Amino acid sequence: ENDSEEDPEPQETMIDRFMVRYCDFLMQTWVKVIVLVLFLALLAGCTYSSTQLEQAFSFTDVLPSDSYIADSYYRSEDYSEISGVEPDVCFRYVDQSDPDIQDQMEDYVNQLVDTVQFTEQPPFFWLRDFKAFVSNSTHNLTDLHFNDQLDAFLADPIYFDLYDNNIVRDGDGNIVASRLHMRMDNVNQEDVVASIAALEDQRYVGASQPINEGRSDWAFFTWANQYYIWDFYAVAQYEMTLTAVLGIISVTIIGTIFIPHWTAVSFVLPLISMLYVDLLGVLQISGVAINAVSYVSIVMSVGLMVDFLLHILLRYYESKERTREAKVKDTLRTMGSSILIGGISTFLGVIPLAFSSSEIFNTIFITFMGLVTLGVSHGLILIPVVLSLVGTTDCINIEDDDESGEMGESI
């Protein structure tokens, strides 16, 4: 191969030609003013909108819109008086043959019934039926030991069928643990506020029991599978805020490392914060609520949106041009095409999700559409305008500036 042969210059694409004209248009003073006003208005609107975000989750969100299971679920709620929340009330770590403990067990159940989530006493409670059974004079059991009384109680076929699976005994016949089923018939599971209140009320009643004082593992407590999602609701807002703050701080630190100039943090931190708030506002306007799916999508978006910012910023700092506007034009002509193509390809990649009949995939689609649209618009419109006004004129590369060996500007 001939060393003197020059490499062919890359051919200019249609997008490259568009970016040349676009950056000339964007650098006009009146255009900059309009851009700043519009993006500030967007930030203000999205800030307010983000404060209106609510938590909401329905079981049917995981199903296709035309699923017969969804219809069955709603019909069962319409025609059934039984709530879907039936927690177990559990007793353990205590001597359940002790009359004082038995009184505390009944007091605990009565206090649970006094909460707004319950409107009636449990229909079956082994301890109450056991006491009624023993006090029945026809059985002559009052003088027997508790374990013998319990044996006689469970020897009755009716009580055996009702309570054998609810009483755990050791080899000596002592009760190790027991439970009863209660019905929360006054809880709307699709109301997040009501669900969180139900969980907190159960915790409050449990914590107020003398038997639970000083215990990390409670002796008296309630449990239902729905508590998992209710606990998520209870911590979601705090966890999402904490994760967002830590994510923004992390990408700011990483951005400062990749852009070794002291002014980099003054652009990365406010811009990624602005992007995050704008995304929350867009999601609220689009009807997306906070749930497990949107939570993951929102947290993940911090790492995705920062790409649109850092590529532009890094290229700006590497530009050898002498003025801000010249550096911005150089950035858009070289890196702008890649950012635009990356945004378009991501946009096309998530479009199939729009045709999904599942609410989960629709949520992911809206989130990705929002972050791509906002990321590209901030990266190719807002950041260039801001840099042309307050960006540094330094170059982070130290290279020969001309044939005489004069060094270019550096940090």
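The values are calculated or read from the model by the stated rules, or taken from the named source; none is laboratory data. Every value quoted in this text rests on a predicted model; they were computed, and no experiment measured them. Because the Cβ atoms are built from the backbone with ideal geometry, glycine has one as well, and the counts that use them run over all protein chains shown. Ligands, DNA and RNA are excluded from the accessible area calculation, which covers all protein heavy atoms including side chains. Shrake-Rupley method; radii C 1.70, N 1.55, O 1.52, S 1.80 Å.
Which of the residues belonging to segment 143-160 are farther than 12 Å from D129 by Cα, touching a residue at least 12 places away in the same chain (Cβ under 8 Å) and either loosely packed, with under 12 Cβ neighbours inside 10 Å or among the aliphatic types (A, V, I, L, M) (or both)?
Within segment 143-160, just A152 meets the criteria.
Does Q189 qualify as being open to solvent by 20 Å² or more (accessible area, probe 1.4 Å) and in a loop (DSSP other than H, G, I, E, B)?
yes
Listed here are the residues, each with its yes/no results for (1) aromatic (F, W, Y); (2) within 29 Å of V372 (Cβ to Cβ).
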{"residue": "I196", "(1), (2)": "no, no"}
{"residue": "N225", "(1), (2)": "no, no"}
{"residue": "Y228", "(1), (2)": "yes, no"}
{"residue": "M240", "(1), (2)": "no, yes"}
{"residue": "S250", "(1), (2)": "no, yes"}
{"residue": "D278", "(1), (2)": "no, yes"}
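Hey, Y163 hits all of (1) in a helix (DSSP H, G or I); (2) modelled with pLDDT under 90; (3) closer than 20 Å to M105 by Cβ but one; which does it fall short on?
Result: Y163 fails condition (2) only.
Could you check segment 1-92 for helices (runs of 4 or more DSSP H) lying wholly inside it with 1 or more residues that are exposed (fewer than 15 other Cβ atoms within 10 Å of the Cβ), at pLDDT 80 or above and under 30 Å from the mean Cα position of the chain (by Cα)?
Passing ranges, in order: 29-51.
Which residue pairs have Cβ atoms closer than 7 Å, lie 6 or more positions apart in sequence or on different chains, and pair a first residue in segment 242-259 that is farther than 16 Å from I298 by Cα and in contact (Cβ under 8 Å) with a residue 12 or more places away in the chain with a second residue that is among the aromatic types (F, W, Y) and surrounded by 14 or more Cβ atoms within 10 Å (Cβ to Cβ)?
The qualifying pairs are I259/Y317.
Return the only residue of F232, F221 being touching a residue at least 24 places away in the same chain (Cβ under 8 Å) and within 20 Å of A56 (Cβ to Cβ).
F232
Which condition from (1) among the hydrophobic types (A, V, I, L, M, F, W, C); (2) modelled with pLDDT of 90 or more; (3) open to solvent by 20 Å² or more (accessible area, probe 1.4 Å) is the one that F220 breaks?
(3)
Does T243 fit the bill of being β-branched (V, I, T), more than 30 Å from M182 (Cα to Cα), within 15 Å of the chain's Cα centre (by Cα) and open to solvent by 10 Å² or more (accessible area, probe 1.4 Å)?
Against the criterion (β-branched (V, I, T), more than 30 Å from M182 (Cα to Cα), within 15 Å of the chain's Cα centre (by Cα) and open to solvent by 10 Å² or more (accessible area, probe 1.4 Å)), T243 qualifies.
Pick from Q102, Q111: which is crowded, with 18+ Cβ neighbours inside 10 Å, assigned to a helix (DSSP H, G or I) and modelled with pLDDT of 90 or more?
Among Q102, Q111, only Q102 is crowded, with 18+ Cβ neighbours inside 10 Å, assigned to a helix (DSSP H, G or I) and modelled with pLDDT of 90 or more.
The rows are residues; the columns are (1) aromatic (F, W, Y); (2) open to solvent by 50 Å² or more (accessible area, probe 1.4 Å).
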site	(1), (2)
L340	no, no
P352	no, yes
F355	yes, yes
S358	no, no
F361	yes, yes
F365	yes, no
V376	no, no
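Is one or more of the residues making up segment 280-303 at pLDDT 90 or above and of a type in the set (V, I, T)?
Yes, segment 280-303 contains at least one residue that is at pLDDT 90 or above and of a type in the set (V, I, T).
When segment 166-186 is examined, which residues are found to be in contact (Cβ under 8 Å) with a residue 40 or more places away in the chain, open to solvent by less than 70 Å² (accessible area, probe 1.4 Å) and assigned to a loop (DSSP other than H, G, I, E, B)?
N174, M182, M184, D185
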